[in-house]
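Data block below; observations after.
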Amino acid sequence: MEKIWLKSYMAGIPAEIDIDEFKSLGDLFEKSVKAYGPRTAYINMGKSISYAELDRQSRNFAAYCQSVLKLPRGARIAIMMPNLLQYPICMFGALRAGYVVVNCNPLYTPRELEHQLKDSGTEAIIVLENFAHVLQEVLAKTPVKHVIVTGLGDMLGFLKGNVVNFAVRHIKKMVPAWRLPGALGSRRC
């Protein structure tokens, strides 16, 4: 088979990769954050985080899950949010701690979310507050023991983050009312 796409590769891009270069996704992550520390890793709503910041914050999240939530290695952690800066921090933190990441579509219906959480055996979930009302409907019927709720502006810095969260909650009214006793805010992690 002719690999016609290779003609569009820039100079220096190899046609084949060395599949033995990294032992795991975690190994790839560790080497990448060291190699690209000061470079921008992600940008969201005008706020960027570097690979070094991603390294620090994901390490902190992993430590929080291990030491405070006491989640054992192999535990399932669900992430229910769109592409926000919180997502890679939670995902890489969970993987670093030896957890299994369970991706949950933020547009799931309560029935779909309940099935996903039960079927996976999820013990903890990080959810964007805009979708917390869906979790509220099914939480009691799932194995979830720990809930962390985050806001759209939580990673955008003090001023911009508070303005965004206020606008999303009170002006745009994009956050339906929810109540999840015992839920933690992402700023406490």
Evaluation of ALA63 against (1) open to solvent by 20 Å² or more (accessible area, probe 1.4 Å); (2) touching a Leu at 6+ places or on another chain (Cβ under 9 Å) (one fails), failing number: (2)
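Considering every residue within region 49-62, establish whether at least one is touching a residue at least 60 places away in the same chain (Cβ under 8 Å) and farther than 21 Å from GLU123 by Cα.
Yes.
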If we scan region 75-91, do we find a residue that is at pLDDT 95 or above, farther than 22 Å from MET174 by Cβ, assigned to a helix (DSSP H, G or I) and open to solvent by 30 Å² or more (accessible area, probe 1.4 Å)? yes
Residues satisfying the stated conditions in region 134-189, i.e. in a loop (DSSP other than H, G, I, E, B), in contact with a helix residue (DSSP H, G or I) (Cβ under 7 Å, 6 or more places away or on another chain) and surrounded by 14 or more Cβ atoms within 10 Å (Cβ to Cβ): THR142, VAL144, GLY151, LEU152, GLY153, ASP154, MET155, LEU156, VAL175, TRP178, LEU180, CYS189
Under the condition of being part of a loop (DSSP other than H, G, I, E, B) and more than 12 Å from ARG76 (Cβ to Cβ), which residue from region 105-128 is most open to solvent (accessible area, probe 1.4 Å)? LEU107
Within region 17-25, can one find any residue that is more than 14 Å from the chain's Cα centre (by Cα), open to solvent by 40 Å² or more (accessible area, probe 1.4 Å) and under 24 Å from LEU156 (Cα atoms)? no
Exactly one of these conditions fails for PRO38: (1) outside any helix (DSSP H, G or I); (2) more than 28 Å from VAL144 (Cβ to Cβ); (3) open to solvent by less than 40 Å² (accessible area, probe 1.4 Å). Give me its number. (3)
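The values are calculated or read from the model by the stated rules, or taken from the named source; none is laboratory data. Note that the structure is a prediction, hence the values are computed from the model and not measured. Every residue, glycine as well, gets a Cβ built from its backbone with ideal geometry; the counts of neighbours run over all protein chains shown. We work out accessible area using only protein heavy atoms, side chains counted, and drop any ligands, DNA or RNA first. Shrake-Rupley method; radii C 1.70, N 1.55, O 1.52, S 1.80 Å.
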